[in-house]
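Structure record follows, encoded as structure tokens.
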Amino acid sequence: MRVVVGLGNPGPRYRDTRHNLGFRVVECLAREEGWRYRSAPWWRWARGRLGTEEAAVVQPLTFMNDSGRAVGGIVEALHVPVADLLVVCDDLDLTLGQIRVRRGGSSGGHKGLASVGRALGTEGFARLKLGVGPRDGDAVEYVLSEFSAAERATVAQAVTRAVEAVRCWATRGMEDAMNEFNRRAKQPQGDTCDTV
């Protein structure tokens, strides 16, 4: 089973913040696939199929800095090898609208990724990062702020492209996902997933 975890903070106060792009990506994917969410003590999740692959999307309910508790729990509950896990999150070092697929690496100061790494005992899990930079002022205040009206179309396009990257990773593998989605994005055509 492929498991895609979108990092974010639960509750309406954080719903539209920069730090919740991971939540937005998995919500968009679940909605497009018609998957229904279920609740567990530390996470919300939905499951179905992406192509021929069984897959699940997860939203930790433990707040960003303690994401590892939920991710460790779902990985253990579903007996998922780290190779079948993809974590989706925001990234201050990428420009707004840019996405990047990585096999693993350091947290880069992202407290959610650091928490997941501690819980799993490795930083060798795949991640899909969505740019929210460049930062303006204090990092914490910035990631907990909402997108401006001028930024929303770019964000919606990035979320749509990230959903495509998740599908690619789940069905065709990491190499194809990196080759296709780590290039600068062209202007997407058609619908965007901006109703989250």
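The values are calculated or read from the model by the stated rules, or taken from the named source; none is laboratory data. No experiment lies behind these values; they were computed from the predicted model shown. Cβ placement follows ideal geometry from the backbone for every residue including glycine, while neighbour counts extend to all protein chains displayed.
Looking only at residues of the range 99-118 that are aliphatic (A, V, I, L, M) and assigned to a helix (DSSP H, G or I), we find that the one that is farthest from the chain's Cα centre (by Cα) is A114. Go through the residues of the range 3-19 one by one and say whether even a single one is part of a loop (DSSP other than H, G, I, E, B) and basic (K, R). Looking for residues that are part of a loop (DSSP other than H, G, I, E, B) and basic (K, R), one finds at least one in the range 3-19, hence yes. Evaluate the range 30-45: report whether one residue or more is touching a strand residue (DSSP E or B) at 6+ places or on another chain (Cβ under 9 Å), in a strand (DSSP E or B) and charged (D, E, K, R). Among the residues of the range 30-45, at least one is touching a strand residue (DSSP E or B) at 6+ places or on another chain (Cβ under 9 Å), in a strand (DSSP E or B) and charged (D, E, K, R), which makes the answer yes. Among the residues of the range 1-45 satisfying the criterion of being touching a Phe, Trp or Tyr at 6+ places or on another chain (Cβ under 8 Å) and among the aromatic types (F, W, Y), which is surrounded by the fewest Cβ atoms within 10 Å (Cβ to Cβ)? Only one residue fits best here, namely Y37. Residue count for the range 119-135 satisfying the condition of being assigned to a strand (DSSP E or B) and β-branched (V, I, T): 1. Of all residues in the range 85-98, those satisfying the criterion of being buried (at least 19 other Cβ atoms within 10 Å of the Cβ) and either part of a helix (DSSP H, G or I) or among the acidic types (D, E) (or both) are D90, D91. Applying the condition of being in a loop (DSSP other than H, G, I, E, B) and among the aliphatic types (A, V, I, L, M) to the range 136-160 and asking which residue is nearest to V88 (Cα to Cα) yields L144. V4 meets each of the listed conditions (1) modelled with pLDDT of 95 or more; (2) out of contact with any helix residue (DSSP H, G or I) (no Cβ under 7 Å at 6 or more places or on another chain) apart from (2).
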